[in-house]
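S.K.: First the structure, then my questions, so here it is.
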Amino acid sequence: MKSPHNRLFVVYPKTKPFDPNNLQTDFKAFKFVLKYRLLVGLNLVYFTFEGSKLANRPTGKLKNMNHLKITNLSKIYPNGVKALQQVSLDIPVGMFGLLGPNGAGKSTLMRTIATLQEPDEGIIQFGEFNTAENKMEIRKILGYLPQQYGLYPKVSAEVLLNHLAVLKGLTNKQERKEMVAALLEKTNLYRVRKQNLGGFSGGMKQRFGIAQALLTNPKLLIVDEPTAGLDPGERNRFYNILSEISEQTVVILSSHIVDDIKELCTNMAIINRGQVILSGKPQTLLKELEGKIYQKTIQKEERSNYHHHYQVLSEKLFLGNPIINILSETPPANGFTQVPATLEDVYFSNIEKNN
Ligand SMILES: Nc1ncnc2c1ncn2[C@@H]1O[C@H](COP(=O)(O)OP(=O)(O)OP(=O)(O)O)[C@@H](O)[C@H]1O
Ligand SMILES: [Mg+2]
């Protein structure tokens, strides 16, 4: 595909299933021809790059890139799964946490916002613009870390990041070098930058994925379960990076770790079975449960009895005995102690209501 302006950055979604055996051939192609393939997600996403005048990657008419508005988004997969049902969300600059159980539709929503998947219905606007009608513009200012992705195993972190920076339009060699080095430093990969990605541990690969998502200072950053596989130190490090970026960027983060969302996100939503069941500020949502959460340590054999008589939200083991959290409008007798509500209580009480 050729652009009249000698600049093009095209993403062709999902044309071919993931095949790790093709990687070496692809890498040779990457070295010798001007058509490159980049793996993003378990599906191959092709980035085709032509021309060399991508300087400054002008974002053209995209302005006011400080607000993402999703209206009535729906998606039914060919197998009949309703992955998104009339999803509407307002997402301002800052960190937005997306919580939901497995299969809730989080990745589907994120891929759709990233313009890699078409919804059946609904509109996504970033600033003043409809993302479906401005895909190229959106992709220039997008950073996206998919939940699953593959990497070229026989290429070093530094080389691939540099290559991806070219594809993203950073043609100035010096600027590119500085950005690549800064991102490798930021994600704690500088020391291993010459090492081939095939020899990276799971956490290192994930950090590489984070580095590529941060290339060229995105205005919209979408990170799908970014901390899966990161050790606690790296997780904190990553969250510090995100929190800094989110001062000027719309950051959408999905996580299963409920407390991370509380610490980090100014706004959040819980989705279940493709529907938004709750959205708001974590502190406001917590207030609604204040004074209604009670806790008790019980014996294992009493579990089913308590589940039968109380609205049990969660259960944890402490020294081999279950500690249960229940939701109750009135103080239950029976040895329960009132405890401050946590976001986990908010999460479980709403998921339970919706099931
Ligand atoms: N390509 C597909 N074809 C058919 N069904 C799909 C496809 N992708 C996802 N689904 C289904 O859509 C629903 C939502 O999936 P999705 O991956 O968006 O959930 P998720 O919230 O990201 O889950 P997880 O927490 O496990 O990552 C699930 O029921 C899933 O099985
Ligand atoms: Mg997912």
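S.K.: Of all residues in segment 251-280, which are surrounded by fewer than 19 Cβ atoms within 10 Å (Cβ to Cβ) and in a loop (DSSP other than H, G, I, E, B)?
M.R.: Answer for segment 251-280, where residues must be surrounded by fewer than 19 Cβ atoms within 10 Å (Cβ to Cβ) and in a loop (DSSP other than H, G, I, E, B): H256, I257, T266, R273.
S.K.: Within segment 200-214, does at least one residue satisfy the condition of being part of a helix (DSSP H, G or I), without any contact (Cβ under 8 Å) to a residue 60 or more places away in the chain and within 16 Å of ligand 2 (Cβ to nearest atom)?
M.R.: So far as segment 200-214 goes, yes, one or more of its residues are part of a helix (DSSP H, G or I), without any contact (Cβ under 8 Å) to a residue 60 or more places away in the chain and within 16 Å of ligand 2 (Cβ to nearest atom).
S.K.: I'd like to check something: does segment 211-220 contain any residue that is surrounded by fewer than 16 Cβ atoms within 10 Å (Cβ to Cβ) and assigned by TED's automatic domain parsing to the domain that holds I70?
M.R.: Scanning segment 211-220, I find at least one residue that is surrounded by fewer than 16 Cβ atoms within 10 Å (Cβ to Cβ) and assigned by TED's automatic domain parsing to the domain that holds I70, so the answer is yes.
S.K.: For the condition over 25 Å from S107 (Cα atoms), more than 16 Å from ligand 1 (Cβ to nearest atom) and small (G, A, S), what is the one hit in A165, A213, A181?
M.R.: A181
S.K.: Let me ask you something else. When both residues are 6+ apart or on different chains and their Cβ atoms are under 8 Å apart, which pairs have a first residue that lies in segment 108-126 and is under 12 Å from G143 (Cα atoms), and a second that is within 16 Å of ligand 2 (Cβ to nearest atom) and aromatic (F, W, Y)?
M.R.: Close Cβ pairs satisfying both conditions: M110/Y144; A114/Y144.
S.K.: Here is a list: Q283, Q248. Which entry is within 23 Å of the chain's Cα centre (by Cα), surrounded by fewer than 17 Cβ atoms within 10 Å (Cβ to Cβ) and in a loop (DSSP other than H, G, I, E, B)?
M.R.: Only one candidate qualifies: Q248.
S.K.: Tell me which residues, restricted to segment 221-240, are more than 28 Å from T112 (Cα to Cα) and crowded, with 19+ Cβ neighbours inside 10 Å.
M.R.: none
The rows are residues; the columns are (1) β-branched (V, I, T); (2) within 16 Å of ligand 1 (Cβ to nearest atom); (3) assigned by TED's automatic domain parsing to the domain that holds S254; (4) under 17 Å from the mean Cα position of the chain (by Cα).
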site: I76; (1), (2), (3), (4): yes, yes, yes, no
site: Q85; (1), (2), (3), (4): no, yes, yes, no
site: V93; (1), (2), (3), (4): yes, no, yes, yes
site: T108; (1), (2), (3), (4): yes, yes, yes, yes
site: A114; (1), (2), (3), (4): no, yes, yes, yes
site: F129; (1), (2), (3), (4): no, no, yes, no
site: E133; (1), (2), (3), (4): no, no, yes, no
site: L145; (1), (2), (3), (4): no, yes, yes, yes
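Let's see how each residue does on (1) among the charged types (D, E, K, R); (2) within 16 Å of ligand 2 (Cβ to nearest atom); (3) part of a strand (DSSP E or B):
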{"site": "V87", "(1), (2), (3)": "no, yes, yes"}
{"site": "F96", "(1), (2), (3)": "no, yes, yes"}
{"site": "T112", "(1), (2), (3)": "no, yes, no"}
{"site": "E137", "(1), (2), (3)": "yes, no, no"}
{"site": "G150", "(1), (2), (3)": "no, no, no"}
{"site": "P153", "(1), (2), (3)": "no, no, no"}
{"site": "L161", "(1), (2), (3)": "no, no, no"}
{"site": "A165", "(1), (2), (3)": "no, no, no"}
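The values are calculated or read from the model by the stated rules, or taken from the named source; none is laboratory data. Please read these numbers as outputs of a predicted model, since none were measured by experiment. FYI the Cβ positions are ideal-geometry reconstructions off the backbone, even for glycines, and counts take in every protein chain you see.
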